[in-house]
Structure formats: C-alpha cells, structure tokens
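Every number here is computed from the coordinates shown, using simple stated rules; none is lab data. Since the model is a prediction, treat every value here as computed from it, not as a measurement. Heads up, the Cβs are rebuilt from the backbone with ideal geometry, glycines too, and the neighbour counts pull from every protein chain shown.
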Amino acid sequence: MSSTSNKNTICIDAVFLFFCLMAYGCGDTGSQPTDDQNQNGDEDADTDSDVDSDADSDADSDSDTDSDTDTDSDTDTGTDLDTDTDSDTDTDSDTDTNSDTDTETDSDTDSETEFPDTDGEYCTGIPELPRPATLIDNLPSSEAIVFDNAGNVIMTSGSRIRKIDYSGNITEEFPYTENENPQGITILLDEDIIIANARAGRIDRIDATGASTVFTSGVKPNGLRLDMGGNAYLSSPTGKIERIDAQTQEKTLIFSKSGAKFDGIAFSRDYRVLYFGENNGIAHQIKIDENGTPGEHEIFSQFDPPKYHMDGMAVDICANLYWVDALGDLWRISPTGEVKKVADIKGSDIIFGSGIGGWKEDHLYSSNLTSAGIYEIDLGVKGKPVPHLMGRTFKHYRKKPLLNRR
C-alpha cells in the first residue's frame, strides 16, 4: 500500500515538475524575442511591438532587460516613428505641389495678353516708314472688309456680301438688298456677320446659311467694331458713337458731337480706349472701363491743315493707330502722337490679317472703294487681338515671336 502510494507521489511530483519546467521554458522563450527586439531597436516601428500583451513574461525574469526605466526605451510609444520618416508618404514625394504638371496660369486659355513695351526692342525695331503697298487685283472693289476663321476675307461689295480666299476664289456669296448701301462690317463671337446698313438705318445680321435678320434699328451706322465681350460699337455721320449690347441689342450713347461726321473706329490693343475719327482729320479717344462704361474723352490727334476724307482705323500690338484717307495716304499715329505717312493708297476700311489662309498678321489690308483689289502693306508688326479670333490670337501672341524680322 505504501509502495503504491510512494509511486503515486513520485508520478505526481514528476508530472508537476514537468509542467513547471514546461511553464517556465515557455515563459522564457516568449520573453526572449521581446528582448531581442528591444536590442535591435528600430527593426519594427510597430507600436504594438515591445508593449505587446505578450510582454507579461515574468516581471522577475530578466527584469533588468536593458529597458532600464529610461524614457528612451524601445517601449516608448514614439518607437522611432520620428517625423523625418523615409517612408513613401514623405511630403517631398512626387505629389509635391511644385510638380512639373503645367497648371500655371500661363496656359493657352489665359485671357490676358502680354503686349510688348512700346519703348522696347520689338516696337522700336519695326521697319521704318513709309512702306510699299501691293494691290491684290484679283479681288473686287469693296467698302469694308473683315477676316474670318476659315482664311477668307469677307467684304461688302455693291449689293452682295462675298467671302473670298487669298487666291481670289469666291468661297461663298450672299445677296444683299439692292441699293441698301452696306458699309461697315464685322463678325460676332458666334461667327454671324453684322453689316452697317446706313441707308436703311439699321444693322443687319447674316448667319451661316445666309439668312438675314435685323440686329438693331434706329441707328445710322458707318464703322463697326466689337469689344472683347462681343458688344458692337458703331460710328455715325450724325455725330454719335453708340454701343449695341450683344445679348439684348440695347443701345447706349457713348459720345456725341453736334455737326460731326464720325467714320473710322477702333479699340486700343487692350480694349480700354476707343478711338474714333471725324472725316475732317480729328482723332478722338475715350476711355472704356471693364463694364463698358465710357470715361474721359479727349482729342488724340489732329491734322493741320484738316483732311476731309479720313476713313477706317486699325491698331497694332505696339499701340500705334493707323488711319486711312479715302483720297490718298495711310497714316500712323504713335502712342505719343507722332504722325507719319505709311503708304500712298486710297482706301476706306483697314484691318490686320488673320494669319490664316495667306492673310499675314503683320500685314495691313485696305479695302479699295474706287477700283478693284485690296491693298496689302507689310508693316512687320502684328495687329491687336480680334474678338472673333480671340482663341487663336491670344495663343499666338503668347507662344510665338511678336515680330517677323526680315
């Protein structure tokens, strides 16, 4: 009986010892990796390491485990996750706001054009005056001209409106009411054409199909020009300058002078000054703000002795104003008021080329009312941006040289 009891006791002791050893051994091996991690420090920055619940290994075993109670121990919640991490989320990554993706405001859709300094290299380097004029004689006579986006010149020619390419081919033709005396012409932002019908006292509108409607009435228009908002400005031999709203066709009086006969009209290169001329050789200017409100008026230039057949006007990107005499000579007036003869021509309407279809943008073109053809004058300086060509011309001015040197 006692022998059996002793054997049982030994077995129980052995089992107890076995489990104790197992328990001790498992506890030790569980604490060891934690200690190794502490020694290797920065291998894992996971905040669950070192402070893991598995770190409940014997507080007595290896209680000095390098942790010392130093606040710099690896059980610190900082665990080397310093802000200077080299991870892929570094703020110096390729998503940096200074990236090379071209999102700057100098894009092609930018509506602000950088014009050359009038005293700078471009404007002081334009060719000397006077300049030779070439008559393109395979075109009919015309009162007024404008260039479209397709490489055509559109002209008022007798009782017809014609679209003609640089080679003289008529690409399109619209009949116009007989004896209505069409004068000024320009193109709206939607590419419809408007025509100054002085005799009928209205402005007509012609769409792409050739259908004609009344744009506005109760006016006696001669010259026509658009501002950048698409509003039409007209000069009148009744001594008025008026604006026609592009959307409502509401008329606004910009300026009037009793007894004056206004003809030529043109905007400055930045569209903040409106020039208009009396046919006796007095050039006026009036400031126009961004809302179209007229401001200060003054005389810009005056011929002495007077010239009594002054007609169309145009402006280049160097802020020079061009003014043609229907009985002879094209003149240039600098921003400072200096007047010089440009060419010996008899013209009515003048406009810079579109740069499309052979019509060079640094050439000035003049309609010829008295005989067939259009005059072409190589000025070596481009015209200012034109509203219906704006998408093209703004890109052009920012991306290409301003002048073509010869």
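Under a 5 Å amide H cut-off, with hydrogens placed 1.01 Å from N, Cys318 pairs with nothing among residues at least 5 apart or on other chains. Can you classify region 304-344 as rounded, prolate or oblate using the Cα gyration tensor, where a ≥ b ≥ c are the square roots of its eigenvalues, rounded means a/c under 1.5, and otherwise it's prolate if a/b beats b/c and oblate if not? Since a/c reaches 1.5 and a/b is larger than b/c, the shape of region 304-344 is classed as prolate. Size descriptors for region 275-317, from the alpha-carbon set: Rg then Dmax equal 12.0, 37 Å.
Residues in region 234-249 carry Karplus couplings, in order, of 10, 9, 9, x, 8, x, 10, 10, 10, 10, 10, 4, 5, 8, 9, 6 Hz; the curve used is 6.51 cos²θ - 1.76 cosθ + 1.60 with θ = phi - 60°, and Gly or Pro positions show x. The C-alpha atoms of region 195-293 occupy a region whose extents along the principal axes are 39, 30, 20 Å, arranged from largest to smallest. The smallest convex shape that holds all Cα atoms of region 121-399, its convex hull, gives 122 Å³ per residue. Around the amide H of Glu361, modelled in the peptide plane, lie the amide H atoms of Gly355, all under 5 Å away and 5 or more residues distant in sequence or on another chain. Taken along the Cα-to-beta-carbon direction at a fixed 7 Å, the label points for Ala372 and Glu172 span 2.5 nm. For region 115-210, applying the loop criterion from DSSP together with a ceiling of 16 other beta carbons within 10 Å to the trypsin sites (Lys or Arg not before Pro) yields Arg199. Placing a label point 7 Å from the Cα of Leu129 along the Cα-to-Cβ direction, the residues of region 259-274 whose backbone N falls under 18 Å of that point are 264-269. Taking amide H positions as modeled 1.01 Å from N, with prolines and chain starts lacking one, the residues under 5 Å from Ala246 and 5 or more places away or on another chain are Asn231, Ala232.
Extension gain for Leu189-Ser256 works out to 21.4 nm (0.36 nm per residue, less the C-alpha to C-alpha distance).
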